[in-house]
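Okay, structure first, notes after.
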Amino acid sequence: MVSKRFIFLIVLLFPIVVLNAQSKFETLEQDLVIQFKCLKEAKVDSVKLNVSNQIMDNLKKNLKKKGSFVYPFDRLTNLGKVSSSDQKLRIYSWNFLMENGEYRYFALIQRKQGKKTKLLVLNHNLETKDDMYSKLFAKTWLGALYYQIIPFKYRNKEMYLLLGWDGNKGRTNKKLIETLSFSKTGEVEFGFPVINWRGKRLSRVIFEYSKEARMKLNYYSRVNSVIFDHLSPSEPRYNNQFEYYGPDFSYDALELKNGIWNLVEDFNMENLN
């Protein structure tokens, strides 16, 4: 009888605990909605940076609290929120357009390890070159807004493939495929070379194309592949002038086999049906 009463008490109290947790993060959401509005309305880089640092501090303080990993933050439409399918990783990201036409990015990673959740800050390094071979870290992060996280394993090492967007500058946008892993001490590592691309092992793939174009780049679990538009110049004379590049109605893919993402050119989209 005692055990039944105890269970009944838990059932009664559980909704109260959930509501208290929701209320706690709803207050944070309200504060962040105001801060993101200030960021949008700011005109100069110094003010935008100051507001973004306030957003970062607010998130760091609150994302360490219990329950934050599963809270949706639906009201924050200017904050990117993406989770891995294994429910071990969540990335929050945002940006602002600088006066010189480039974008400045900010991001936090929540990583679940057993019952603990670790919070990691990524620092956008504007001096980092966007090459496809280098290994990068939290302080040399290229910067992007991530929208898909795909967990996979390479030789029993837990890894993730990130798909992201970068507004770049001038007349082009970029999309990227990036590898993410963690060192033995839990530090962020970007660029593990597990992408097999035309006989080369790449750490990441970066696509550059016209701001007037729309490039599709998504992961499809049913074929265990990342499928993307093949980009070409609008005319042969514009070769390597990426402001003239866009989808040419053909597709390529990266297919996962034994921990390696292998390029498949001229992917047949009928395979998705």
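The values are calculated or read from the model by the stated rules, or taken from the named source; none is laboratory data. A quick note: this is a predicted structure, and the numbers were derived from the prediction, not measured. For neighbour counting, all protein chains shown are included, and Cβ atoms are generated from backbone atoms with ideal geometry for every residue, glycine included.
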> Given Y71, Y105, which one is surrounded by 13 or more Cβ atoms within 10 Å (Cβ to Cβ), touching a residue at least 12 places away in the same chain (Cβ under 8 Å) and part of a strand (DSSP E or B)?
Replying inline: Y105
>> Anything in region 198-216 that is exposed (fewer than 13 other Cβ atoms within 10 Å of the Cβ) and either in contact with a Phe, Trp or Tyr (Cβ under 8 Å, 6 or more places away or on another chain) or of a type in the set (D, E) (or both)? List them, or say none.
In response: E212, K216
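Residue by residue, here is whether (1) touching a helix residue (DSSP H, G or I) at 6+ places or on another chain (Cβ under 8 Å); (2) under 28 Å from G170 (Cβ atoms) holds:
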| position | (1), (2) |
| --- | --- |
| F242 | no, yes |
| S250 | no, yes |
| E255 | yes, no |
| N258 | no, no |
>> Can you pull out every residue in region 89-131 that is farther than 17 Å from A144 by Cβ and hydroxyl-bearing (S, T, Y)?
In response: T117
> For the subset of region 182-197 comprising residues that are polar (S, T, N, Q) and part of a loop (DSSP other than H, G, I, E, B), which member is surrounded by the most Cβ atoms within 10 Å (Cβ to Cβ)?
Replying inline: S183
> Does L63 satisfy the criteria of being within 26 Å of T185 (Cβ to Cβ), in contact with a strand residue (DSSP E or B) (Cβ under 6 Å, 6 or more places away or on another chain) and at pLDDT below 95?
Replying inline: yes
